[in-house]
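In what follows, a structure is listed as structure tokens, so that the remarks can point back to it.
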Amino acid sequence: MYAKNVWLDADETKKKAIFDFGKEYIDFLSNGKTERMATKEAIALAEAAGFKNLDTLTEIHPGDKVYAVNKNKNFLAAVIGDKSIEEGMRVLGAHIDSPRLDIKQNPLFEKGGFALFETHYYGGIKKYQYVTIPLALHGVVYKKDGSSFDVNIGEDKDDPVIGITDLLIHLSADQLQKTAAKAIEGEDLDITVGNIPLEKDEAGACKNYILQLLKDKYGMEEEDFLSSELHAVPAGPARDYGLDRSMIAGYGHDDKVCAYTSLRAVLDAGKQEYTSVVVLVDKEEVGSIGATGAQSMWFENVVAELLYREGKESNLAVRHAMTNTMMLSSDVSCAVDPIYPSANEANNSCYFGKGVVFNKYTGARGKSGCNDAMPEFLAFIRKAMDDNNLHYQTSEIGKVDQGGGGTIAYILGNYNMYVLDAGIPVLSMHSPMELVSKADVYEAYLAYKAFLAA
Ligand code: MN
Ligand code: MN
């Protein structure tokens, strides 16, 4: 069903399913704010569903449920299909990193009687959105002896939070003359973390107090920050939004909402003709580069490992598997904002409540950087949607020359597989409080399942 309202077509049973699924997603999002946390959540869900770590298996057979993890930041789950993997897979891919503030390698300093952390923003943010909101600290610290500990501060209601101050309105005459891009400068995104001096009231005393805390709690030295990976993210859980509870407000819908729906589709779909795969990657917000981004060899390596366990060792089998594969590159899409409709062209935009969105292309300017999906594949997907009475819509990223964006679609397209951008409409994308429609979340989950079975 093209561009129809999900709510209007939903009976009470479907509405209940929409709200129940929303609850489960809220848990995943609240506990999976960073790529490492989301990977842990994915492993737990997969193991609970009977999936086994691929490393522990020497053979695979139709119906087997397996998962693989890369460097604690990427996750893949697969249900082995009736056909050989060489004949192709049905792949759902999404990213589990989200824009945030990364703590620098030499973060801790003291200024004006406060201890502060230096940060470097990760991904695209409007910097003014990150001041005067409660932030939580997540990540991992490795010591030279190889031991490590996780940091998770600011989510529990008894935890302290941290944050970035802003100048009071009373004295902001100069600041308010600046453009929105310059009102808060990147180098001023310093997080206030303490105000108690360790001993005497002298320079560095508040920093020393924080260092003492870190030593007492974690056995951590200041130099251990050098081998840490810490992130400041909006604190607190995702929650219902709207007086009708039709939406979910949360940090990191981009792209955990597609990651979760894709993951659940593979966990729940059961054995299909083709092997069902979900792959969750890191670093999309900074270009998909490196060992844990979509451009990594990892996905291809896992496919080779799967084929090896099918008894196929040739490199050619990997090439065949990739070429024969169909993929939905699952990432959020920009919904039309009722307050800012002029950013979009109405006939080629997506709306809350109308289901999963297919973007034939993304990109910027003259479609630069896009994966322009093949109409052959779009027709295949339309049939899968209509055969299952699913709501879907199509969109591009805003009106021509307004801006743009990209996804991981083109990277997997490089393997010569059919790839189409698919996802869920989001409002306030990349802000500390993004919004999605529960109806779209559930409909996307159903759409992904239908794709796996098509
Ligand atoms: Mn995204
Ligand atoms: Mn994004």
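The values are calculated or read from the model by the stated rules, or taken from the named source; none is laboratory data. Since this is a predicted model, take the numbers as computed values, not measurements. Virtual Cβ from ideal backbone geometry, glycine too; neighbours counted across all protein chains shown. Remember, those area values only see protein heavy atoms, side chains included, never the ligands or the DNA or RNA. Shrake-Rupley method; radii C 1.70, N 1.55, O 1.52, S 1.80 Å.
Descriptive notes on the structure:
- Restricting the stretch 119-151 to residues that are of a type in the set (Phe, Trp, Tyr) and closer than 23 Å to Glu285 by Cα, the residue that is farthest from ligand 1 (Cβ to nearest atom) is Tyr128.
- Verdict on Ile133 being in a loop (DSSP other than H, G, I, E, B), within 16 Å of ligand 2 (Cβ to nearest atom) and aliphatic (A, V, I, L, M): no
- One residue stands out among those in the stretch 334-357 that are over 25 Å from the mean Cα position of the chain (by Cα) and of a type in the set (A, V, I, L, M, F, W, C): the one that is farthest from Leu390 (Cα to Cα), which is Ile339.
- Filtered by the rule that a residue be over 32 Å from the mean Cα position of the chain (by Cα), of a type outside the set (Phe, Trp, Tyr) and part of a helix (DSSP H, G or I), the stretch 192-212 gives Ala205, Cys206, Lys207, Asn208, Leu211, Gln212.
- Of all residues in the stretch 395-454 being closer than 23 Å to Tyr121 by Cα and of a type in the set (Gly, Ala, Ser), the one that is surrounded by the fewest Cβ atoms within 10 Å (Cβ to Cβ): Gly403
- Filtered by the rule that a residue be open to solvent by 10 Å² or more (accessible area, probe 1.4 Å) and of a type in the set (A, V, I, L, M), the stretch 109-130 gives Leu116, Ile125.
- A search for C-beta distances below 9 Å between a residue of the stretch 38-60 that is free of Cβ contacts under 8 Å to residues at least 24 places away in the same chain and within 20 Å of Arg309 (Cα to Cα) and any residue that is part of a helix (DSSP H, G or I) and not hydrophobic (A, V, I, L, M, F, W, C), counting only pairs 6+ apart in sequence or on different chains, returns Asn53/Glu47; Asp55/Glu305.
- Among the residues listed as Gly81, Gly63, the single one being part of a loop (DSSP other than H, G, I, E, B), on the phi > 0 side of the Ramachandran plot and at pLDDT 95 or above: Gly63
- Enumeration of residues in the stretch 337-365 that are more than 16 Å from ligand 1 (Cβ to nearest atom), of a type in the set (Val, Ile, Thr) and crowded, with 19+ Cβ neighbours inside 10 Å: none
- Check on Gly50, open to solvent by less than 60 Å² (accessible area, probe 1.4 Å), farther than 28 Å from Met247 by Cα and in a loop (DSSP other than H, G, I, E, B): yes
- The residue that is farthest from His61 (Cα to Cα), among those in the stretch 254-278 that are small (Gly, Ala, Ser) and in a helix (DSSP H, G or I), is Ala259.
- Some residue of the stretch 176-184 being open to solvent by less than 50 Å² (accessible area, probe 1.4 Å), more than 21 Å from Thr34 (Cβ to Cβ) and of a type in the set (S, T, N, Q): no
- If the condition is being over 25 Å from Trp298 (Cβ atoms), away from ligand 2 (no atom under 16 Å from the Cβ) and surrounded by 23 or more Cβ atoms within 10 Å (Cβ to Cβ), then the stretch 246-284 contributes only Ile248.
- Test: Asp331 is open to solvent by 10 Å² or more (accessible area, probe 1.4 Å), within 16 Å of ligand 2 (Cβ to nearest atom) and within 22 Å of Asp421 (Cα to Cα): yes
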